[in-house]
Amino acid sequence: MEANYWARVLHRRQLGRRRFLAGAAAAAGAGLLAACSKSNNNAPGSAGPAKRGGSLTQASVGTDAKSFHPYLTTDSPSAAYQGYVYGVGLSQRDPKSLEQIPFGATWTVSADKKTYTFTLKDIKWSDGQPLTTDDFVWTYQQAIKPENKFPYVDNLDLIDSYVAGDPRTLVVTLKDALTVGLEAADQITPLPRHIWEKYPWGDPSKNPEINNPSVISGMWKLKEWKQEDHATFQANDAYFDSRPNIDQMTVQVFGTPEVAFQALKSGKLDFNPSMQPADYKNAKALKGATVYEWYPAVGQWSYIGINLRRPALQDVNVRHALAYASDRKGLIEAAAFGLAKPIYAGFVQESPVYNGSVEHYDFDPNKARDLLKQAGYALDSNKRLVKDGKQLGLKLLYPTSSKPREAIATILKQQLGDLGINVDIEGQEFQSYVSTIQSPPFDWDLQLGVWSTSIDPYWASNLWSEKFVPDLNSGDYINKQVESLFAQGSKEFDEAKRRQIYGQIQQILANESPNVFLYEPLTFVGMSKKVQGIAVSPLGIEYNMNKWFISS
């Protein structure tokens, strides 16, 4: 499941141009993204000059994209396609230092840290027209119109004014000085006004650009899209940060990870970013493929989501009991095949503000029993955990597209069953799963999810905000102190004080346990050995995709 708008902004731009915004993201593919490195004649990780030509086929597992409209969709496959064609951002992150550096523009910041003045580089649309600040401002104006229904328009509330000084100068003023001010100012993915203004903004029957973009700014130009089967892209010769070395890229949709892995194994697939942990050892043994792996700079973590609308789960003793009853280490071994690290409060160990001193709730069934007793539960003669004569029963949802989460569900049913809790596990197709946890009547108690968040911890605030119930905060967790601390963290420029603020947030989340936090998985992908020029970074591998090349 995707993390939030920021992950999708990140995904859209990184897959199109490798510049790491910082977002909260989501789902498995979002953690593979990255930032940009400057052009050179030699490809990173290769022993000679990059070669022009060839084609690459990569996997997309599950459902296909919905559209190429960056301001109407929220799904990860759409964000990927949008990134290929509309991949121009103002800034990026350095793949080594992770510092924010120029990409589509340089900038200056006012003394009060509220106004960012960007100077665009010489960028052209694929039809030869210049990409100007007018494109940025027009796109921003469309995005903020209520009738255009941008799903994440609330994030643009951070902006006070968004104006063009001249065709190359963009001036963005924020309402407040923010530590994440650059990300807040650099939200807009520009669309070509001279093309899009001819058509209705959101009607694909009247706006052909929504599903078949003809003028683009990114690394790749759409050649053909057969929805739910494949999309083929050609290199954009006009791409301002150097044309991809590879001439053509096809995204092939696979129904399951197992089928995608077999395609990599047989040589029919070049790039598989959706491998399951169960495939890791077999993939490492493939003669024709290389496995690249890393723990991403963006936080990516698995968790047990708790529906706090349910009276039984509003008792913190019950939630702590669920945490103690969940064998985190055992789940890492069984579901992630040991390819993960534990987490305890929604922040991964790579985070610069990670607080390792919070309560870990390590596996302890006896503590779980004691806490359930404090909550008023007891075992009856049939070893059922009951209160007021009624057994504690929990409905556990998971998406059937994820084998690790299916394994976790099976194990949790046994572990919680050992305490006398009746667990009904239900696997659903991904979109149905999302709809169930986000829509009334919220017919679930527990759900197994994955978040991809951001380099800067501020953007994770959406996961715990009342404003984002139920889309991101599906469990209905409301704590105004947590929201206030996130707001403080966004305005505190002293790094030591900022770490203290986020450390306090983690302490509260651990104490209140709105989720049972499980682990951060190792990210790994399979790549045909004929694909060269790959350089692994904490940002992933795709940040320099235009430098990849096909060897003979």
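Quick note: the coordinates plus some simple rules give every number you see, no bench work behind them. Note that this is a predicted model, so its numbers are computed, not measured. Positions of Cβ are generated from backbone atoms using ideal geometry, with glycine treated the same way; all protein chains shown enter the neighbour counts.
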Of all DSSP beta bridges with both partners in the chain, the antiparallel percent, nearest 5, is 80
Mind listing the long-range amide H neighbours of Ile101? Cut-off is under 5 Å, sequence gap 5 or more, other chains count too, H placed in the peptide plane at 1.01 Å from N. Gln92, Arg93, Asp94
Taking Tyr199, Tyr361 and counting other beta carbon atoms within 10 angstrom, the fewest-first order is Tyr199, Tyr361
With Rh as the Kirkwood radius over Cα pairs, the chain has Rg/Rh of 0.98
Between Glu258 and Asn511, what is the label-point separation in nm under the 7 Å Cα-to-beta-carbon projection? 4.7
Segment 51-185 pair-distance distribution - Cα-Cα, 10 Å bins, rounded %: 10, 33, 38, 15, 3, 0
Taking amide H atoms as placed 1.01 Å from N in the peptide plane, list the residues 5 or more away in sequence, or in a different chain, whose amide H sits under 5 Å from that of Val61. Phe254
Added length on full extension, which subtracts the Cα-Cα distance from 0.36 nm per residue, Asp476 to Asp160: 110.8 nm
What FRET efficiency comes out for the pair Glu466/Gln248, r = Cβ-Cβ distance, R0 = 41 Å, nearest 0.05? 0.30
From the backbone phi of segment 138-144, what are the Karplus-calculated ³J(HN,Hα) couplings (6.51 cos²θ - 1.76 cosθ + 1.60, θ = phi - 60°) in whole Hz, Gly and Pro given as x? 4, 5, 4, 4, 5, 5, 8
Asserting the computed 222 nm helical MRE of the chain (DSSP H runs at least 4 long, -39500 (n - 2.57) per run, divided by residue count, to nearest 500) equals -7500 deg cm²/dmol
In whole Hz, the Karplus estimates of ³J(HN,Hα) for segment 231-237 (6.51, -1.76, 1.60; θ = phi - 60°; x where Gly or Pro) are 10, 10, 10, 10, 4, 8, 4
Mean 1/r over all different Cα pairs, inverted: what Kirkwood radius does segment 300-521 give, in Å? 17.8
Report the Cα centroid-to-centroid distance between segment 340-405 and segment 104-179 in angstrom, as an integer. 44
Non-local residues with an amide H under 5 Å from the amide H of Ser454, with H modelled 1.01 Å from N and Pro and chain starts lacking one, are Gly299
Relative exposure of Glu258, Glu197, judged by other C-beta atoms within 10 Å (fewest first): Glu197, Glu258
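From the alpha carbon gyration tensor of segment 298-423, can you work out the equivalent ellipsoid semi-axes (sqrt of 5 times each eigenvalue) and give them in Å, largest to smallest?
Values: eigenvalues 141, 57, 35 Å².
One finds semi-axes of 27, 17, 13 Å for segment 298-423.
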Counting only DSSP beta bridges with both residues in segment 300-521, tell me the antiparallel percent, nearest 5. 65
Run through all the Cα pairs of segment 44-117 and give the fraction in each 5 Å bin from 0, expressed as whole percent. 3, 11, 12, 13, 16, 20, 12, 7, 4, 2, 0
Taking a threshold of 30 Å on the Cα-Cα distance, which of the pairs Lys114/Lys467; Lys268/Lys329; Lys226/Lys341; Lys390/Lys480; Lys113/Lys221 fall above it? Lys268/Lys329; Lys226/Lys341; Lys390/Lys480; Lys113/Lys221
Using θ = phi - 60° and the Karplus form 6.51 cos²θ - 1.76 cosθ + 1.60, what ³J(HN,Hα) does each residue of segment 487-498 get, whole Hz, x for Gly and Pro? 5, 4, x, 6, 10, 9, 8, 7, 5, 5, 5, 5
